[in-house]
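Here is the structure we will look at.
Only the coordinates and a few stated rules stand behind these numbers; no lab work does. Remember, it's a predicted structure, so these values are computed and weren't measured experimentally. Neighbour counts are summed over all protein chains in view; Cβ atoms, including those assigned to glycine, are modelled from backbone coordinates with ideal geometry.
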Amino acid sequence: MLSINNLRASVEDKEILKGLTLDVPAGEVHAIMGPNGAGKSTLSYVLSGRGGYEVTDGSATLNGEDLLALEPDERAAKGVFLSFQYPLEIPGVPALTFLRTALNAQRKARGEDEIAAPAFLKLVREKAAELKIDFDMLKRSLNVGFSGGEKKRMEILQMAILQPKLLILDETDSGLDIDALRIVSEGVNAMRAPDRAMLVITHYQRLLDHIKPDRVHVLSAGRIVASGGPELALQLEAEGYDKYASAA
Amino acid sequence: MVAVKQTVEHVESLEAYKHGFITDIDQEFAPKGLNADIVRFISAKKDEPEWMLQWRLEAFERWLAMEEPTWAKVNFPRIDYQDAYYYAAPKAKDGPMSLDEVDPELLATYAKLGIPLKEQEVLAGVQGAPKYAVDAVFDSVSVVTTFKKELAAVGVIFCSMSEAIREHPELVKKYLGSVVPTSDNYFACLNSAVFSDGSFVYVPPGVRCPMELSTYFRINAAESGQFERTLIIVDKGAYVSYLEGCTAPMRDENQLHAAVVELVALEDAEIKYSTVQNWYPGDPKTGKGGIYNFVTKRADCRGDRSKVSWTQVETGSAVTWKYPSCVLRGNDSSGEFYSIAVTNGFQQADTGTKMIHLGANTKSRIISKGISAGKSSNTYRGLVSAHPKAKGARNFTQCDSLLIGKDCAAHTVPYVEARNGQSVFEHEATTTRLSDDQLFYVMQRGLNQEEAVALLVNGFVKDVLQQLPMEFAVEAQKLVAISLEGSVG
């Protein structure tokens with residue numbers, strides 16, 4: 001589903017991704033682990049199309065379609081969703097308005113009709129309840145004054161409403177206490193589907209206790225240096241990243 | 001951002017200012033330049049009584065002795081007051097006209113601007129849509145005022161200023177210049193000498209005006225200035241909501257718009273005054289042309305418990321210089337000022353308000369949202385003062401500035417003068433930049449660049465948009481988005 005081949009990308013002329021190759025088949029969850037500075041966040045930004053990242057070589061396709069030539073909003077409409085490590089605050093825009101605007105923008109880009117208000121509200125109520133989000137909170141400005149856990153739950157709610165094809169979770173566990181981590185993980189697990197791929201980017205093993213990956217990859221100095229099953233994550237937790245840092 | 005650059009290029013290819021067309025119509029002008037004879041000419045054209053002419057001539061004498069002020073944070077070449085027409089009017093027969101007599105070319109102009117002048121068209125709108133009456137001012141004259149009969153039935157007078165001077169001299173004599181004296185400032189004094197038309201409103205005691213009143217100002221003629229004068233008097237316990245809109249053609253030379261608006265609120269009266277100002281802002285790439293919008297707007301909360309609320313959405317003009325103010329004279333009177341000022345391209349705005357607390361327990365509230373983009377400069381300048389007698393005066397001020405891009409500027413200049421020990425004044429101010437992070441976040445969820453900017457900016461100005469009458473809030477929201485097209489980069 002997601003196919004990345006020999007991807008090279010730079011920020012301000014400094015090469016961060018140095019020939020990264022990775023395949024995530026539909027229905028699978030892959031974890032990307034690695035030390036700080038390995039290029040984990042860069043990978044998520046390059047896939048989602050953030051400005052300031054220059055792709056110098058290689059390719060990234062979703063279901064055979066070239067992602068790299070598209071604007072961020074076009075990628076979103078194709079089903080790319082990035083759950084941010086630090087979700088942004090949007091003053092003056094109620095979360096509910098934001099959700100509906102985003103959903104309709106994506107539907108429009110795909111040539112679909114806008115969702116009717118009653119259907120939308122029903123959908124939001126249902127998904128918010130699953131994530132234990134108080135509906136009244138959705139009338140407040142998105143993420144303004146929300147706690148770290150609330151912000152992450154809002155990310156998962158957006159995901160549940162937008163129903164993306166490719167989920168990229170960037171350090172989703174950062175800033176979460178154990179209860180919030182459980183709720184967020186349940187939300188992510190509920191998104192597992194045969195036609196959906198997930199890329200879970202994390203520094204620590206603990207998130208993977210809750211979101212079980214099919215494959216684990218070690219990213220170091222801009223390349224995948226090792227791949228394995230879930231046991232690789234446990235091994236990394238015990239031994240650290242040192243051996244991969246020198247191998248890179 | 002690559003995306004940003006492309007959007008900028010895309011938007012530059014669009015025609016940003018949608019009201020820049022010129023109406024080709026036979027017009028009558030006063031000779032170019034300004035002297036006592038021109039003042040007499042204007043007064044004669046309007047068939048004014050002698051007292052009005054004397055009032056104008058006195059103002060003109062005073063104006064000759066005054067100096068153009070320079071304290072605002074705006075720069076523009078010196079204005080040559082002799083190089084402009086002070087009177088321009090579509091050729092037509094004298095006196096007030098019915099709609100059937102109005103030049104079809106003019107009607108087409110207003111239709112193009114989306115202003116309903118035919119009452120039946122307003123009535124034929126969506127069921128339940130609120131009606132609003134329009135006074136349409138084209139260059140120096142009012143061409144038509146709608147719904148006059150329906151308003152007269154409840155005692156509300158809504159007509160052009162010229163007509164008010166002829167038909168209601170007692171009200172005009174009593175109130176004209178009583179809020180903004182002729183010698184108040186350079187531009188108000190100039191206006192007093194040469195004002196041509198504008199709107200007049202009187203709402204009798206206890207009457208709640210049954211519809212929105214509005215005036216639509218259009219500058220059309222080249223090398224002319226527009227000097228309108230608006231006077232609104234709301235008697236005891238009465239209420240009115242009033243809206244003004246403004247547009248002008250795209251021209252390479254600058255044009256002066258120096259208006260005076262006076263509001264009088266008697267005991268328990270309430271006035272809501274909203275402005276959507278969209279004068280031609282000049283060429284966004286070169287800064288050439290555009291309107292100088294030097295306006296004096298002031299409300300006198302003369303009666304106890306009276307209330308005045310100013311709401312303004314300022315998106316146009318090359319240079320804006322205006323401070324809609326409230327003199328809180330009556331005890332327990334209150335004033336509000338809600339403002340959105342958007343500058344893009346080479347626009348300069350120096351705008352804000354004055355809340356002068358004179359009576360006891362007077363309250364005021366100021367919410368100002370400034371958005372600067374391009375190479376523009378946006379200044380909030382405000383004064384909150386309390387007289388020794390204004391015991392228990394309260395003010396709350398919130399000034400927020402949003403910067404888009406790297407070449408614009410935002411300034412906040414608040415003046416606070418409390419001359420008694422029992423007043424409470426609060427001031428909050430923030431300055432933020434529209435960040436690439438926020439833009440990317442919103443675009444990652446599926447909004448394109450322009451939609452993303454519009455969403456973020458609308459969130460920023462939401463508190464003020466909520467103050468506008470519903471149907472105009474929607475227009476204003478679009479207008480703000482259009483004004484900022486291509487601003488990111």
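Points worth noting:
- 3J(HN,Hα) from dihedral phi, segment B:315-322, Karplus parametrisation 6.51/-1.76/1.60, rounded to Hz, x for glycine, proline: 10, x, 6, 6, 10, 10, 9, 7
- Gain on full extension, evaluated as 0.36 nm per residue between B:Arg208 and B:Asp252 minus their Cα-Cα distance, stands at 11.4 nm.
- Coupling constants for segment A:54-67 follow from the phi torsions by the Karplus curve (6.51 cos²θ - 1.76 cosθ + 1.60, θ = phi - 60°), and in residue order they are 9, 7, 9, 6, x, 8, 9, 10, 10, 6, x, 8, 5, 7 Hz; glycine and proline get x.
- Between A:Ile201, A:Ile115, A:Ile183, the residue with the greatest mean-square fluctuation in the GNM of chain A (Cα pairs under 10 Å linked by springs) is A:Ile115.
- Taking the helices alone, chain B has a mean residue ellipticity at 222 nm of -7000 deg cm²/dmol, built from -39,500 (n - 2.57) per DSSP H run of at least 4 residues and averaged over all its residues.
- Calculated [θ] (222 nm, deg cm²/dmol) that DSSP helices of n ≥ 4 give over chain A, each run adding -39,500 (n - 2.57): -11000 deg cm²/dmol
- Spatially, segment A:21-46 and segment B:261-291 are offset by 54 Å when compared through their Cα centroids.
- Segment B:413-478 shape via C-alpha gyration tensor axes, a/c threshold 1.5: oblate
- Note on the protein assembly as shown: Cα Rg divided by 2.2 N^0.38 Å, N the number of residues, gives 1.13.
- Relative to the globular-protein estimate of 2.2 N^0.38 Å, the Cα radius of gyration of segment A:114-178 stands at 1.17.
- Residues A:Leu167, B:Leu383, A:Leu7 in ascending order of nearby Cβ atoms (within 10 Å, fewest first): B:Leu383, A:Leu167, A:Leu7.
- Taking every Cα-Cα distance in segment A:23-72 and sorting them into 5 Å bins from zero, the calculated P(r) comes out as 4, 16, 25, 25, 21, 8, 0 percent.
- Diffusion coefficient of segment A:185-235 by Stokes-Einstein, Kirkwood radius over Cα pairs, 4 °C, 1.567 mPa s: 109 µm²/s.
- Percentage of interatomic Cα-Cα distances in segment B:337-489 larger than 18 Å: 60 percent
- Grouping the Cα pair distances of segment B:239-388 into 10 Å bins from zero gives a pair-distance distribution of 13, 40, 29, 14, 4, 0 percent in increasing distance order.
- Per residue of A:89-102, other chain Cβ atoms within 10 Å of the residue Cβ number 5 on average.
- Over chain B, relative contact order from alpha-carbon pairs under 8 Å, at least 6 apart, %: 11 percent
- R0 of 30 Å, Cβ-Cβ distance B:Glu58-B:Leu383: FRET efficiency to nearest 0.05: 0.60
- Remark: segment A:219-230, residue by residue, has Karplus-estimated 3J(HN,Hα) of 9, 9, 6, x, 9, 7, 9, 7, 9, x, x, x Hz, where x stands for each Gly or Pro and the curve is 6.51 cos²θ - 1.76 cosθ + 1.60 at θ = phi - 60°.
- Taking one quarter of the surface of the C-alpha convex hull of chain B gives a mean projected area of 22.2 nm².
- Here, segment A:108-248 is characterised by an Rg to Rh ratio of 1.04, where Rg is the alpha-carbon radius of gyration and Rh the Kirkwood radius.
- With a Förster radius of 51 Å applied to the C-beta separation of B:Ala409 and A:Arg192, the computed FRET efficiency comes to 0.50.
- 5 angstrom amide H check on B:Thr431, placed H, neighbours 5+ away: B:Ser401
- In segment B:129-271, Cα pairs under 8 Å separated by at least six residues give a relative contact order of 28 percent.
- The slack between B:Thr430 and B:Ala44, meaning 0.36 nm per residue of separation minus the straight C-alpha distance, is 133.8 nm.
- The value given for segment B:318-421 is a Kirkwood hydrodynamic radius of 14.1 Å, derived from the mean inverse Cα-Cα separation.
- For segment B:17-58, the Stokes-Einstein estimate of translational diffusion at 20 °C and a viscosity of 1.002 mPa s comes to 172 µm²/s, using the Kirkwood hydrodynamic radius over alpha-carbon pairs.
- Backbone amide hydrogens, once placed in the peptide plane, bring A:Ser83 within less than 5 Å of A:Ile168, A:Leu169, A:Asp170, excluding anything fewer than 5 places away on its chain.
- Separation of alpha-carbon centers, segment B:392-432 and segment B:443-489, rounded to whole Å: 23 Å
- Extents of segment A:33-171, largest first, come to 46, 37, 26 Å (Cα atoms, principal axes, whole angstrom).
- With K and R counted +1 and D and E -1, the other residues having a Cβ less than 10 Å from that of B:Thr215 yield a net charge of -4.
- Order of B:Asp103, B:Asp83, B:Asp268, B:Asp197 - criterion: other Cβ atoms within 10 Å of each residue's Cβ, fewest first: B:Asp83, B:Asp103, B:Asp268, B:Asp197
- Computed over chain A, the Cα gyration tensor eigenvalues convert (square root of 5λ each) into semi-axes of 30, 21, 16 Å, ordered from largest to smallest.
- Relative contact order computed over segment B:296-338 (Cα-Cα under 8 Å; 6+ residues apart), in percent: 58 percent
- Note on B:Ser333, A:Ser3: ascending count of other Cβ atoms within 10 Å places them as A:Ser3, B:Ser333, the fewest first.
- Shape call, segment A:45-115: gyration tensor on alpha carbons, a/c limit 1.5: oblate
- Residues whose amide H comes within less than 5 Å of that of B:Ser214, counting only those at least five positions distant or on another chain, are B:Ala133, B:Val134, B:Asp135, B:Leu243 (H built at 1.01 Å from N in the peptide plane).
- Residue-count net charge about B:Ala84 - beta-carbon cut-off 11 Å; Lys, Arg +1, Asp, Glu -1: -3
- Calculated on the alpha-carbon coordinates, the convex hull of segment A:3-99 measures out at 128 cubic angstrom per residue.
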